[in-house]
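Enquirer: Before anything else, here's the structure in question.
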Amino acid sequence: MTRSPARYSKAGLVGIAVCMLTWPAAAHDSAPAPPTAVSTAVVRQIGLSNKDCDPGKAAFSDDGKFLALNVDCGETRAGRRVWIVDLAANTATPATPPLGTNDPNSEYIIEDGTDVLWSGGTVYVDTSMETHGARRGDPTYWDERFFSAKPGQAPQTLRHLPPAIAARLEHPLGHFPIEDTFAEAGNDFVVDGTFRIGRHLVWISNDQNDNVILRTRVGKGPVRELSRGHWELATLLLDPHLLIYPSRNGIIVYDLDAGQPSRITVTHADARPVAWLASSRKLAYTSARGCDGKQQPGERSLCIINLP
């Protein structure tokens, strides 16, 4: 098989089934302190109240005071944009100009074509931007673009990312050469949804009925099927010890070393993880039932919770 860039490849969507399947332990409930809700005004400003808009790549600042997130409104007039949310002040400022729609010729599967990374008090964005031809009738094309922004300040266009930032984006936690997956994942995986975390191989696959499956294994050991659903599993978050992903019962936090899942009690099937800061165990997620999980489904909320 020819190796393709991870972001753009659909290779390996359906492959050979992996044998030696085992099931994880039943999830127990985790009851952290109540979450806080980002103000409705901010949620509406950045577009998340619109049912056509979805959160993409996101990251907390190192101190957990700010959240940078890409909001993708698809083919609507709003298009895409990265925002910085000040969680204490409940305000939002742009980290990029409007980016237009996604490239219709791309083949994104798990990645959304935008990466965000904080370094100190600055967020760096590697993305693409819809660009119109110079002359009337010229086709629209998509250019790779780079931006930096500080909270409350206008975004700056960069010709290139600083080398240290580019290196961290090129080799994020968990990604590894795709050839390594063939022997261990049995070729049953989505290319850019495959990660190595220490001794653990974690991957997303889908079958011919478009069921999406999250699996893991340790070394050459048995495969564990952690969750089965649809493309909501592409919101998987991870760190060196944990996987965080949605399920029909709410957001699951899976301890890789203990092999033990727990469910965040205030979340339900509609909840989607957005960003995770392992150092302070801070999670951002969206919910259509309010941050306390008690409301009737309605306008989407953006919630911040600290896990025990």
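The values are calculated or read from the model by the stated rules, or taken from the named source; none is laboratory data. Fair warning: this is a prediction, and the values are worked out from it, not measured in the lab. All Cβ positions, even for glycine, are placed from backbone atoms using ideal geometry, and neighbour counts span all protein chains on display. The accessibility values were calculated without ligands, DNA or RNA, using every heavy atom of the protein model including side chains. Shrake-Rupley method; radii C 1.70, N 1.55, O 1.52, S 1.80 Å.
Enquirer: Using modelled backbone amide H atoms (1.01 Å from N, in-plane), which distant-in-sequence or interchain residues come within less than 5 Å of Gln260's amide H?
Expert: Asp255
Enquirer: OK, next. To the nearest 10 Å², what's Asp292's accessible area with a 1.4 Å probe?
Expert: 70
Enquirer: While we're on this one: Can you tell me what percent of all Cα-Cα pairs in the range 185-261 are more than 18 Å apart? Intermediate values should be presented prior to the final figure.
Expert: Working: 948 of 2926 pairs.
Roughly 32 percent, once rounded to a whole number.
Enquirer: Run down the lysines and flag those whose C-alpha is under 23 Å from the C-alpha of Lys282, throwing out any fewer than 8 positions away in its chain.
Expert: Those lysines meeting the cut-off are Lys57, Lys65, Lys150, Lys294.
Enquirer: Continuing with the same structure: Compute the length gained on full extension between Thr265 and Gln153: take 0.36 nm times their separation in residues and subtract their Cα-Cα distance, giving the result in nm to one decimal.
Expert: Values: separation 112, 0.36 × 112 = 40.32 nm, distance 3.72 nm.
So the extension gain works out to 36.6 nm.
Enquirer: Treat each spin label as a single point 7 Å out from the Cα along the C-beta direction, and report the Gln208 to Asp292 distance in nm.
Expert: Taking the two extended label points, one gets 4.9 nm.
Enquirer: Pairwise over distinct Cα atoms, reciprocal of the mean inverse distance: report the Kirkwood radius of the range 25-106 in Å, one decimal place. Each step should come with its number before you reach the end.
Expert: Numbers: mean 1/r = 0.0705 Å⁻¹.
About 14.2 Å for the range 25-106.
Enquirer: Multiply the residue gap between His230 and Arg168 by 0.36 nm, knock off their C-alpha separation, and tell me the result in nm, one decimal place. Let's see the in-between values first.
Expert: Values: separation 62, 0.36 × 62 = 22.32 nm, distance 2.95 nm.
Answer, rounded to one decimal: 19.4 nm.
Enquirer: Also, I was wondering about something else. Enumerate the amide H contacts of Ser247 below 5 Å, restricted to partners 5 or more residues apart or on another chain; note that Pro and chain-start residues carry no placed amide H.
Expert: Ile252
Enquirer: May I ask you to derive the FRET efficiency for Arg199 and Asn105 from their Cβ-Cβ distance with R0 = 45 Å, giving the value to the nearest 0.05?
Expert: Using R0 = 45 Å, I get an efficiency of 0.75.
Enquirer: If you find the alpha carbon centre of the range 209-251 and of the range 73-108, how far apart are they in angstrom?
Expert: 27
Enquirer: Hey, another quick one. Nothing charged except the Cβ atoms of Lys and Arg (+1) and of Asp and Glu (-1): what's the magnitude of the dipole of the range 189-308 about its Cα centre? Round to the nearest 20 debye.
Expert: On the way: 15 positive and 11 negative charges, 55 e Å.
That gives the range 189-308 a dipole magnitude of about 260 debye.
Enquirer: I've got another one for you. Accessible area of His230, 1.4 Å probe, to the nearest 10 Å²?
Expert: Near enough 100 Å² of accessible area.
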